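J.: To start, I am sharing the structure in question, which I have written as structure tokens.
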Amino acid sequence: MSWLMPDAMFRTYDEITPEWLTAHGIRAILSDIDNTLAPYEQPEPDEKLRAWIDALRGAGITVALISNNERERVELFNRSLGLTAYWKSGKPFRKYLVRAMKDMGSDKHDTAILGDQLLTDALAGKHIGLKALIVPPIKDKTTLFFRFKRLCEKPFIRRFKKKHGIDW
């Protein structure tokens, strides 16, 4: 299923440089928060994340936060970043991704989705033609539901890594 296959994988979000994005025609990122930019228990962005966002902004790349988490979590996390942000976005459904692109003035040709899950982030983005950038979860949940989702994602991750010669 190509909708679950990432277009690129990185060890961490900050490996995604403005130069890499520009070279791939990406000028907007729709990013997940939890386990992508920060662990669940980190209420606000750290200095490393703020510096990365500033570097993207400096290169003319816009970022929006697209989270399935609660409003309070997203607003607190976004307070110092000042990004366009959506909570309870319902990923893998596309409603808020389309809305974010409209609000950012981007489209499917110059926007990527960044996340840690194939079954929510990648699927949501690929469903509307976005490039899917995937990072491993920072600190994964250990609930049965999350373990099952990760098990379902493994064959796609393994296939991507083998095809692209990634050994981490």
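J.: Among the residues of the stretch 42-74, write down those that are within 22 Å of Ala124 (Cα to Cα), open to solvent by 50 Å² or more (accessible area, probe 1.4 Å) and not basic (Lys, Arg).
T.: Thr62, Asn68, Glu70
J.: Suppose the filter is closer than 23 Å to Glu44 by Cβ and not in a loop (DSSP other than H, G, I, E, B); does Leu151 pass it? Even if it seems obvious, please write down each step before you answer.
T.: Values: closer than 23 Å to Glu44 by Cβ: no; not in a loop (DSSP other than H, G, I, E, B): yes.
No; evaluated as a whole, the condition is false for this residue.
J.: From the set of residues in the stretch 12-32 that are farther than 23 Å from Ser89 by Cα and touching a Phe, Trp or Tyr at 6+ places or on another chain (Cβ under 8 Å), which is least open to solvent (accessible area, probe 1.4 Å)?
T.: Ranking the qualifying residues of the stretch 12-32, first place goes to Ile16.
J.: Name the residues in the stretch 149-168 that are more than 16 Å from Gln117 (Cβ to Cβ) and either open to solvent by less than 50 Å² (accessible area, probe 1.4 Å) or of a type outside the set (Gly, Ala, Ser) (or both), would you?
T.: Once the filter is applied, which keeps residues that are more than 16 Å from Gln117 (Cβ to Cβ) and either open to solvent by less than 50 Å² (accessible area, probe 1.4 Å) or of a type outside the set (Gly, Ala, Ser) (or both), the stretch 149-168 yields Arg159, Lys161, Lys162, Lys163, His164, Ile166, Asp167, Trp168.
J.: For residues that are in a loop (DSSP other than H, G, I, E, B), in contact (Cβ under 8 Å) with a residue 12 or more places away in the chain and open to solvent by less than 80 Å² (accessible area, probe 1.4 Å), scanning just the stretch 128-148, find the one that is farthest from Ala100 (Cα to Cα).
T.: Taking the stretch 128-148 and keeping what is in a loop (DSSP other than H, G, I, E, B), we get 128-130, 135-143.
Now restrict to residues that are in contact (Cβ under 8 Å) with a residue 12 or more places away in the chain: 128-130, 135-141.
Restricting the remaining residues to those that are open to solvent by less than 80 Å² (accessible area, probe 1.4 Å) gives 128-130, 135-137, 140.
Working: Ile128: 13, Gly129: 14, Leu130: 13, Val135: 21, Pro136: 24, Pro137: 23, Asp140: 26 Å.
Step by step, filter the stretch 128-148, then rank; the result is Asp140.
Yes or no, residue by residue, for (1) outside any helix (DSSP H, G or I); (2) farther than 18 Å from Thr17 by Cα; (3) in contact with a helix residue (DSSP H, G or I) (Cβ under 7 Å, 6 or more places away or on another chain):
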residue: Leu65; (1), (2), (3): yes, no, yes
residue: Asn68; (1), (2), (3): yes, yes, yes
residue: Glu75; (1), (2), (3): no, yes, no
residue: Ala124; (1), (2), (3): no, yes, yes
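J.: Right, another one. Go through the stretch 102-127 and report how many residues are open to solvent by 20 Å² or more (accessible area, probe 1.4 Å) and of a type outside the set (Asp, Glu).
T.: Of the residues in that region, 9 qualify.
J.: Before we move on, is Met9 surrounded by 13 or more Cβ atoms within 10 Å (Cβ to Cβ), touching a strand residue (DSSP E or B) at 6+ places or on another chain (Cβ under 6 Å) and in contact (Cβ under 8 Å) with a residue 40 or more places away in the chain?
T.: yes
J.: If a residue has to be within 20 Å of Leu83 (Cβ to Cβ), outside any loop (DSSP other than H, G, I, E, B) and without any contact (Cβ under 8 Å) to a residue 60 or more places away in the chain to count, how many in the stretch 21-33 make the cut? Quick ask: steps written out before the conclusion?
T.: At the first step, the residues of the stretch 21-33 found to be within 20 Å of Leu83 (Cβ to Cβ) are 21-22, 26-33.
Restricting the remaining residues to those that are outside any loop (DSSP other than H, G, I, E, B) gives 21-22, 28-31.
Add one more test, that the residue is without any contact (Cβ under 8 Å) to a residue 60 or more places away in the chain, and what stays is 22.
Going through the stretch 21-33 one residue at a time, the tally reaches 1.
J.: For the stretch 75-101, give me each residue that is open to solvent by less than 30 Å² (accessible area, probe 1.4 Å), farther than 14 Å from Ile29 by Cβ and touching a Ser or Thr at 6+ places or on another chain (Cβ under 7 Å).
T.: Within the stretch 75-101, Ser89, Lys91 meet the criteria.
J.: Based on what the data block shows, is Glu75 among the charged types (D, E, K, R), under 18 Å from the mean Cα position of the chain (by Cα) and at pLDDT below 95? Before you say what the answer is, go through the steps one by one.
T.: Numbers: among the charged types (D, E, K, R): yes; under 18 Å from the mean Cα position of the chain (by Cα): yes; at pLDDT below 95: no.
Spelling it out, it is not the case that Glu75 is among the charged types (D, E, K, R), under 18 Å from the mean Cα position of the chain (by Cα) and at pLDDT below 95.
J.: So if I check each of Leu133, Leu119, which one is modelled with pLDDT under 95 and either closer than 22 Å to Ala38 by Cβ or under 13 Å from the mean Cα position of the chain (by Cα) (or both)?
T.: Result: Leu119 is the single residue among Leu133, Leu119 that is modelled with pLDDT under 95 and either closer than 22 Å to Ala38 by Cβ or under 13 Å from the mean Cα position of the chain (by Cα) (or both).
The values are calculated or read from the model by the stated rules, or taken from the named source; none is laboratory data. Since this is a predicted model, take the numbers as computed values, not measurements. Glycine gets a Cβ as well: all are built from the backbone with ideal geometry, and neighbour counts include every protein chain shown. Accessible surface areas use protein heavy atoms only, side chains included; no ligands, DNA or RNA. Shrake-Rupley method; radii C 1.70, N 1.55, O 1.52, S 1.80 Å.
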